[in-house]
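Structure first, then comments.
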Amino acid sequence: MSNPDRHPAEVVCGDDPTPSTAIVLPYREVPLGGPRAMPVRRSLPQRERSLIGAWCFVDHYGPDDVSQTGGMVVPGHPHTGLQTVSWLFTGEVEHRDTTGAHAFVRPGELNIMTAGSGIAHSEYSTPETTVLHGAQLWVALPESDRSTQPGFEHYAPPVTEVDGARVLVFLGTLLGQTSPVTMFSDLVGAEVTLAAGTSLDIDVDPEHEHGLLCDTGMLTVGDVTAKPGEIAFMGTGTSRITVEAGPDGPARLLVLGGAPFGEQIVMWWNFIGRSHDDVVGFREDWQRERSPREEGSYAAAAPGARYGTFPDAWDHTLPAPGLPNLRLRSRG
């Protein structure tokens, strides 16, 4: 998914101070394209916290009536230095990218795209989709791997039951399940569904920090309660997290965890680099490589093109927003 901000700020993300107890990270609403703009709840990054492990971007959307908003309409756009993690609860999204991958994102199935040195992709909800509901997540690649070759993987994790909770582990190891998906840092990602009024003890790595993204219902973690779109955050030093659903209905959540990232990153629009100059270069490459296609040339990508060969199905791509007028100073 693309960052739809028209004037994205350059964000320097680093490891933040670790709170001693659970805290709630709120969200802000941003529009995501379409004729009437599908609303998206963005809870990461934010001023209070920019990273949870290597997780650097969390968008939560839906349940969205596609007939009212137009659904997901995200033409070809670039990424660098990250992995995109697409997870749906309802609906279907068609994915195409410049590695040649053409796939569908479906509920309970993981699509993970490694941008590495550079990739471009598009995402459209399918004509059969009436309700769209899911999460789009980004993982920052460490310095040693941020220029790796781009790639794409699909994985359908088994559904397991743990103490009455429904669990799907799509990244890393949790609750007795392990995902085979390629990762470049120590991470965990899972969907957990609790019946109304029930709780679940989750044994976790105490060297990890964790964000529990509430999807539906009311989620209580320690002495805090999160509503849909909010993240209950727990810092390192915790070996067991107890999650509890409210009495009025089931709760569904995503468990997002990982070892503290230990690096600063600069994130602007859909790019992750290590400096302002990195981002400027990524943007210039994208604008140069997309221009022939926008002008009607369907020639293959020039040798050495960062973002690869565009799929024939694309009739247009997203231009990069204008860079800020001032060079922003590092924070964090």
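The values are calculated or read from the model by the stated rules, or taken from the named source; none is laboratory data. None of these values were measured; they are calculated from a predicted model. Glycine also receives a Cβ, built like all others from the backbone with ideal geometry; neighbour counts cover every protein chain displayed.
Given the conditions (1) buried (at least 19 other Cβ atoms within 10 Å of the Cβ); (2) over 17 Å from C56 (Cα atoms), which single one is not true for D248?
Unmet condition: (1).
Quick check on segment 166-188. Is at least one of its residues charged (D, E, K, R), assigned to a strand (DSSP E or B) and more than 30 Å from G100 (Cβ to Cβ)?
Start the filter on segment 166-188 by keeping residues that are charged (D, E, K, R), which leaves 166, 186.
Applying the additional criterion that residues be assigned to a strand (DSSP E or B) yields 166.
Filter once more, keeping what is more than 30 Å from G100 (Cβ to Cβ): 166.
Yes: segment 166-188 contains one or more residues that are charged (D, E, K, R), assigned to a strand (DSSP E or B) and more than 30 Å from G100 (Cβ to Cβ).
Go through segment 103-121 and count every residue that is touching a residue at least 60 places away in the same chain (Cβ under 8 Å), closer than 20 Å to V73 by Cβ and surrounded by fewer than 23 Cβ atoms within 10 Å (Cβ to Cβ).
Residues meeting the conditions: 0.
Might you check whether a residue that is within 18 Å of F271 (Cβ to Cβ) and either of a type in the set (D, E) or buried (at least 24 other Cβ atoms within 10 Å of the Cβ) (or both) occurs anywhere in segment 62-74? Please lay out each step first, then the result.
The initial filter retains those residues of segment 62-74 that are within 18 Å of F271 (Cβ to Cβ), namely 74.
Narrowing the set further to residues that are either of a type in the set (D, E) or buried (at least 24 other Cβ atoms within 10 Å of the Cβ) (or both) leaves none.
No, that holds for no residue.
Out of all the residues in segment 158-190, which are surrounded by 15 or more Cβ atoms within 10 Å (Cβ to Cβ), free of Cβ contacts under 8 Å to residues at least 40 places away in the same chain and among the β-branched types (V, I, T)?
Pass one, segment 158-190, residues surrounded by 15 or more Cβ atoms within 10 Å (Cβ to Cβ): 162, 165-172, 174-175, 177, 179, 181, 183-190.
Keeping just the survivors that are free of Cβ contacts under 8 Å to residues at least 40 places away in the same chain gives 162, 165-167, 169, 175, 177.
Hits for segment 158-190 are V162, V167, V169.
Can you tell me which residue in segment 81-99 is farthest from L254 (Cα to Cα), limited to those that are of a type in the set (G, A, S) and in contact (Cβ under 8 Å) with a residue 60 or more places away in the chain?
From segment 81-99, those of a type in the set (G, A, S) are 81, 86, 91; that's our starting set.
If we keep only those that are in contact (Cβ under 8 Å) with a residue 60 or more places away in the chain as well, we get 81, 86.
Working: G81: 23, S86: 12 Å.
Ranking the qualifying residues of segment 81-99, first place goes to G81.
Could you list, in sequence order, all residues of segment 292-332 that are among the hydroxyl-bearing types (S, T, Y), modelled with pLDDT under 90 and closer than 28 Å to E94 by Cα? Steps first, answer last, please.
As a first pass, look at segment 292-332 and keep what is among the hydroxyl-bearing types (S, T, Y): 297-298, 307, 309, 317, 330.
Filter once more, so that each one left must be modelled with pLDDT under 90: 297-298, 330.
Correct list: S297, Y298.
Output the residues belonging to segment 196-232 that are outside any strand (DSSP E or B) and within 24 Å of the chain's Cα centre (by Cα). Give the derivation first.
We begin by selecting, within segment 196-232, every residue outside any strand (DSSP E or B); these are 196-198, 204-208, 217-218, 222-223, 227-230.
Answer for segment 196-232, where residues must be outside any strand (DSSP E or B) and within 24 Å of the chain's Cα centre (by Cα): V204, D205, P206, E207, H208, G217, M218, K227, P228, G229, E230.
What are the pairs with Cβ atoms under 6 angstrom where one residue, in segment 275-295, is closer than 13 Å to Y307 by Cα and the other, located anywhere, is surrounded by fewer than 19 Cβ atoms within 10 Å (Cβ to Cβ)? Sequence gap at least six, or different chains.
E289/A305
I need a count of the residues in segment 37-58 that are surrounded by fewer than 23 Cβ atoms within 10 Å (Cβ to Cβ) and closer than 27 Å to P127 by Cα.
Number satisfying all stated conditions: 4.
For residues that are small (G, A, S), under 15 Å from P150 (Cβ atoms), in a loop (DSSP other than H, G, I, E, B) and more than 15 Å from the chain's Cα centre (by Cα), tally how many sit in segment 74-115. Full working, then the answer.
In the first step, residues of segment 74-115 are kept if they are small (G, A, S); the result is 76, 81, 86, 91, 100-101, 103, 108, 115.
The next check asks that each one be under 15 Å from P150 (Cβ atoms); those that pass are 76, 81, 100-101, 103, 115.
Now restrict to residues that are in a loop (DSSP other than H, G, I, E, B): 81, 100-101, 115.
Keeping just the survivors that are more than 15 Å from the chain's Cα centre (by Cα) gives 100-101.
Result for segment 74-115: 2.
List the number of the failed condition for T193; all other conditions in (1) in a strand (DSSP E or B); (2) surrounded by 18 or more Cβ atoms within 10 Å (Cβ to Cβ); (3) more than 21 Å from the chain's Cα centre (by Cα); (4) not aliphatic (A, V, I, L, M) hold.
So the condition that T193 fails would be (3).
So which residues in segment 265-294 are not in a helix (DSSP H, G or I) and not aromatic (F, W, Y), if there are any at all?
Step one: filter segment 265-294 for residues not in a helix (DSSP H, G or I), giving 265-275.
Of everything in segment 265-294, those that are not in a helix (DSSP H, G or I) and not aromatic (F, W, Y) turn out to be I265, V266, M267, N270, I272, G273, R274, S275.
Among the residues of segment 197-233, write down those that are over 22 Å from R47 (Cβ atoms) and β-branched (V, I, T).
The answer is T198, I202, V204, T216, T220.
Quick one: T90 ticks every box in (1) more than 17 Å from C214 (Cβ to Cβ); (2) touching a strand residue (DSSP E or B) at 6+ places or on another chain (Cβ under 7 Å); (3) hydroxyl-bearing (S, T, Y); (4) surrounded by fewer than 20 Cβ atoms within 10 Å (Cβ to Cβ) bar one, so which box is it?
Failed condition: (1).
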